[in-house]
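What follows is calculated from the coordinates using simple rules that are stated; it is not laboratory data. Here the structure is a predicted model, which means the values were calculated and not measured. Quick reminder, even Gly has a Cβ in these numbers, built from the backbone with ideal geometry, and neighbours come from all protein chains shown.
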Amino acid sequence: MSNTNRPLSPHLSVYRPQLTSVLSILHRITGFGLALGALLVTWWLCAAMSGPRAFECFQGFTHSIIGELMLFCWIYALSFHFMNGIRHLVWDTGRGLTLKSAYAGGWAVVVLSVVATAVIWLAA
C-alpha cells in the first residue's frame, strides 16, 4: 500500500538560485533558442532562393516589432551561448574551477554577452 500523506521533497524551496545554476539553465534555454532561430535562418535562405516576392515577405516580418525582438533575442542567445561555451572549454582544461573564479567567470559571461549583443545590434 502506498502512503499518500508523506511530505514532498522540498528541493526547490530550500535551495537558493546561484549564479552557476542560473547560467547553466540559461545555457540550455539559449541552446534551444538557437535551434528555434535556425528556423528563421532557414526561412531567410528559402526566401532568398524563392525570389523577390518571398524575400520581401521575410523582410517585412524581420522589420516588424516581433521580428526585431526575435532577432535581438537570437543574437543575445548566440552571444551568451558562445561566451558560456568558452567558459566551459576553460573548465575542461582544469582551470577556473574554484568558487571565486567560477563566479568571476560567470559574471564575465553575463557582461560580455550583453556587450557583444549591443555591439552586434548597433553595428547592423
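Any idea what % of Cα-Cα pairs in segment 79-124 are farther than 18 Å? Write out the running numbers ahead of the final one.
Details: 331 of 1035 pairs.
The calculated P(r) of segment 79-124 puts 32 percent of pairs beyond 18 Å.
Where does the charge balance sit around residue 101 when Lys and Arg score +1, Asp and Glu -1, over other residues with C-beta under 12 Å from its C-beta? Can you show the working numbers first?
Details: positive: 87, 95, 100; negative: none.
With Lys, Arg at +1 and Asp, Glu at -1, the net is +3.
For 46, 73, what ranking results if the residue with the fewest other Cβ atoms within 10 Å of its Cβ goes first? Numbers along the way, then the final one.
Numbers: 46 12, 73 15.
By the 10 Å Cβ count, ascending, the order reads 46, 73.
Can you give the angle from 0 to 90° between the axis of helix 52-62 and the longest principal axis of the chain, with both taken from C-alpha atoms, to the nearest 10?
That works out to roughly 40 degrees.
Using a 7 Å offset from the Cα along the Cα-to-Cβ direction at both residue 50 and residue 36, what is the distance between the two label points in nm, to one decimal?
Taking the simple label geometry, residue 50 and residue 36 are separated by 2.1 nm.
Please find the FRET efficiency linking residue 91 to residue 115, where r is the Cβ-Cβ separation and R0 is fixed at 22 Å, and quote it to the nearest 0.05.
0.50
Any idea what the dipole of segment 18-123 comes to, in debye rounded to 20, about its Cα centre with Lys/Arg Cβ at +1 and Asp/Glu Cβ at -1? It would help to have the intermediate numbers written out before the result.
Working: 5 positive and 3 negative charges, 62 e Å.
Charge dipole, segment 18-123, about its Cα centre: 300 debye, nearest 20.
Going by the alpha-carbon gyration tensor, a ≥ b ≥ c the square roots of its eigenvalues, is segment 18-123 rounded (a/c under 1.5) or, if a/c is not under 1.5, prolate (a/b greater than b/c) versus oblate? Working shown, then result.
Values: a/c = 3.19, a/b = 2.60, b/c = 1.23.
Cα axes put segment 18-123 in the prolate bin.
For each of 76, 15, count neighbouring Cβ atoms within 10 Å of the residue's Cβ, then give the residues from fewest to most. Working shown, then result.
Numbers: 76 19, 15 9.
In increasing order of surrounding Cβ atoms, one gets 15, 76.
With a 10 Å Cβ neighbour count serving as the proxy for reagent exposure, in which order, fewest first, do 70, 49, 83 appear? Please list the in-between numbers first.
Working: 70 17, 49 9, 83 21.
Final ranking by Cβ density, sparse to dense: 49, 70, 83.
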